[in-house]
Amino acid sequence: MNQILVIETSPLRLEASSNRLSKVIVDRILKKRPDMEVKVRDLVANPPPFLTHLEFGAYSDEAIAELMNSEIVVINVATHNYSIPAVLKAWIDQIVRAGKTFSYSATGPEGLLKGKKLYLSIASGGVYSGPQPTGPDFTESYLKAILGFVGMTDLTSFRVEGLAIPGIKETAFEKAVEFVTID
Ligand SMILES: Cc1cc2nc3c(=O)[nH]c(=O)nc-3n(C[C@H](O)[C@H](O)[C@H](O)COP(=O)(O)O)c2cc1C
């Protein structure tokens, strides 16, 4: 269980701000927890299959097992069109699975991926965290809702934002790094 699972979603790959900030997050986790091993699932190099028929296959089994075996999950999120990259939505469609990651009881749905620490490393061209957000924040609110539904409720988000805004973008990464603290 001493595994950190890192999910990469950006087509910018090594240059992606979500991946770069994630490296800072993971390094700081490792400082506190040198016993942890890091496993990367690159959704751009290996995109999940679309759920074109309601039958889960080997990809879903493997992705769920990987999550179950991870104590910490770090999702690197490029903001695309007010939302998450399509590859990340496809991954979510593969891991939200009745009887595996959630179940229905008499009191309602219950998430089965409990006891995990979840970090989001979110990169965006606009600024969403301040008093005057660039637009509606579907990215963080959606991930919080759907990953909470499967039991991952212990969430901390870090943002590198304003990457398209002159006057902000120049120092955006350094500012984001300052905020990365691991309990
Ligand atoms: C297809 C596409 C759509 C984007 N849509 C948004 C958006 O809706 N809001 C925003 O703030 N930035 C948007 N951006 C800018 C990205 O969020 C920004 O480039 C960010 O750095 C992406 O993360 P990454 O560096 O990890 O790839 C978009 C970029 C691309 C390529």
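The values are calculated or read from the model by the stated rules, or taken from the named source; none is laboratory data. Quantities reported herein were computed from a predicted structural model and do not represent experimental measurements. Using ideal geometry, Cβ is built from the backbone for each residue, glycine included, and neighbour counts are taken over all protein chains shown. Heavy atoms of the whole protein, side chains included, go into the accessibility calculation; ligands, DNA and RNA do not. Shrake-Rupley method; radii C 1.70, N 1.55, O 1.52, S 1.80 Å.
Report, ordered by the first and then the second residue, all pairs with beta carbons closer than 6 Å, sequence separation of six or more or different chains, a first member in the range 75-87 that is under 16 Å from Ser22 (Cα atoms), and a second member that is polar (S, T, N, Q) and near the ligand (Cβ under 7 Å from one of its atoms). Pairs found: Asn76/Ser18; Asn76/Asn19; Val77/Ser18; Ala78/Ser10; Ala78/Ser18; Thr79/Ser124.
With the condition kept exactly as written, say whether any residue in the range 115-133 is away from the ligand (no atom under 16 Å from the Cβ), touching a Leu at 6+ places or on another chain (Cβ under 7 Å) and either assigned to a strand (DSSP E or B) or more than 30 Å from Ala172 (Cα to Cα) (or both). Within the range 115-133, one or more residues are away from the ligand (no atom under 16 Å from the Cβ), touching a Leu at 6+ places or on another chain (Cβ under 7 Å) and either assigned to a strand (DSSP E or B) or more than 30 Å from Ala172 (Cα to Cα) (or both).
Among the residues of the range 158-181, is there at least one that is away from the ligand (no atom under 14 Å from the Cβ) and modelled with pLDDT under 95? So far as the range 158-181 goes, no, none of its residues is away from the ligand (no atom under 14 Å from the Cβ) and modelled with pLDDT under 95.
Restricting the range 6-57 to residues that are of a type in the set (D, E, K, R) and within 16 Å of the chain's Cα centre (by Cα), the residue that is farthest from the ligand (Cβ to nearest atom) is Lys39. Where helices (runs of 4 or more DSSP H) fall wholly inside the range 4-105, the ranges with 1 or more residues that are hydroxyl-bearing (Ser, Thr, Tyr) and open to solvent by 40 Å² or more (accessible area, probe 1.4 Å) are 58-68.
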